1. Here are the criteria: (1) modelled with pLDDT of 95 or more; (2) of a type in the set (A, V, I, L, M); (3) closer than 26 Å to Val299 by Cβ. Tell me which single one Leu102 does not satisfy.
2. Quickly run through the stretch 124-151 and pick out the residues that are crowded, with 22+ Cβ neighbours inside 10 Å, among the hydroxyl-bearing types (Ser, Thr, Tyr) and farther than 17 Å from Arg237 by Cα.
3. Is it the case, given these coordinates, that Pro268 is in contact with a Pro (Cβ under 6 Å, 6 or more places away or on another chain) and over 21 Å from Ala366 (Cα atoms)?
4. Could you name every one of the strands (runs of 3 or more DSSP E) located completely within the stretch 38-83 that has at least 2 residues being buried (at least 21 other Cβ atoms within 10 Å of the Cβ) and modelled with pLDDT of 95 or more?
5. Which condition number does Gly320 fail, the rest of (1) at positive phi; (2) at pLDDT 95 or above being met?
6. Suppose the filter is surrounded by fewer than 20 Cβ atoms within 10 Å (Cβ to Cβ), aliphatic (A, V, I, L, M) and under 25 Å from Asn257 (Cβ atoms); does Val234 pass it?
7. Which numbered condition in (1) farther than 25 Å from Asn282 by Cα; (2) at pLDDT 95 or above; (3) out of contact with any Leu (no Cβ under 8 Å at 6 or more places or on another chain); (4) not small (Gly, Ala, Ser) is the only one that Tyr377 fails?
8. Specify which of the listed residues (Asp146, Asp139) is in a helix (DSSP H, G or I), over 22 Å from Arg62 (Cβ atoms) and in contact (Cβ under 8 Å) with a residue 60 or more places away in the chain.
Amino acid sequence: MLRLADRTQSAFKRREEWIAGHAVSFGLPARIGRNGWRIRRSGGNWVADTILVTGGAGFIGRHVSHALLRLGHRVRVLDNLIEQVHGGRDWPEGLDPEVELLVGDVRDEAALIRALRGVDKVVHLAAEVGVGQSMYAVDRYVSANDRGTATLFQQLINRPVQRVVVASSMSIYGEGLYRDADGRLAEDVVRQPRSGMVTSWDPVDVEGRPLQPVPTPEWKRPALASVYAITKYVQERLTLTLAPAYGMEGVALRLWNVYGPGQALSNPYTGVLAIFASRLQNGQSPVIFEDGLQRRDFVHVEDVAQAFVLALAHPRAAGGVFNIASGQDRSVQEVAELLATAMGRLELVPEITGKARAGDIRHCIADIGLARNVLGYTARRDFMQGLAELAEWVARQQAEDRVQQARKELEARGLVA
């Protein structure tokens, strides 16, 4: 399926003005070709890139595609438009009309052959997303995420591109990095919150002393606590192993909790802010596991899109793994309360379950120093402003609340206790 908007002279002018104002922040030269495409220097000539975005019709993919189009690249999207995310739409809401959309699965060799024709670079976003669901839909997650990535690279072996940027996840860290009472860093943290009754949700050292969460850098060893985390790590390693073996460049971006307008509000398995927003929009309290004091880093989707642009273009990105987050952490309960305020639903106090969900971790906050120093990445979006924009967008949407259904599925399998 191909849907391209007419590129008028006025559109070119708007794009040129936007590039002039934003190229410096992306670390790229502000220059545009006659046909309106963003251009790069290659062998003395200025050319546009054709970029394939797998899973590009999804929440993050739509924003990445839009950012690339604004910089003048040609963008092709391969997406299977699964019901859980897209609700049966033929053309995903919010997908830029200038995108070339191919409806197909990344595990389908014929679809990949078609999608890779003439492509210079790949952004690999296609994946099933959800820690809780991955713990019982094992075959589905391993097939979509790992077999999908393997099939992609099987085709890239014969049709190599310049660079592949894969979306990895903070979930691969398991528990984040901690510091003990003596100032020593603790990587391999294990918590046992239940011993007949809940004694402590937080990890402690061997002497039972509390540990303090600290920003987690990329060198921390993975501690894969869910099927989803396992599949994301495999995606990452396949990319960083196979790309250089066949003359390509691989980059992995470990994304933290991404939020913003365009999230799948009716998908109860991914995006905690979207899940909270769906509950609030339907007049229900947000549901929070444990005690609500677990800490996360929330990053706006436009900052994530910026990170992908940088990872595609920056020479020093090749072979790298980068944390992409805001650099600020908040408790999940605080975030739920702030969103309720932004949506004008202060009366809907979060429901703290006091129960643990298999695959969840306590604290994981981001060290984004490497992305800042190497890529020039910085999170520009203010969290409170981002919440206000999200609330405004949600107010115009219809969202089916499926949280209780998802919770029952987990409880029926003994994954919530």
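The values are calculated or read from the model by the stated rules, or taken from the named source; none is laboratory data. Owing to the predicted nature of the structure, the values given are computational and were not obtained by experimental measurement. Please note: Cβ atoms are built from the backbone with ideal geometry, for glycine as well, and neighbour counts cover all protein chains shown.
1. (3)
2. Of everything in the stretch 124-151, just one residue is crowded, with 22+ Cβ neighbours inside 10 Å, among the hydroxyl-bearing types (Ser, Thr, Tyr) and farther than 17 Å from Arg237 by Cα, namely Ser134.
3. For Pro268, the condition - in contact with a Pro (Cβ under 6 Å, 6 or more places away or on another chain) and over 21 Å from Ala366 (Cα atoms) - is not met.
4. 50-54, 74-79
5. All conditions pass for Gly320, except number (1).
6. Spelling it out, Val234 is indeed surrounded by fewer than 20 Cβ atoms within 10 Å (Cβ to Cβ), aliphatic (A, V, I, L, M) and under 25 Å from Asn257 (Cβ atoms).
7. Condition not satisfied by Tyr377: (3).
8. Going through Asp146, Asp139 in turn, the sole match is Asp146.
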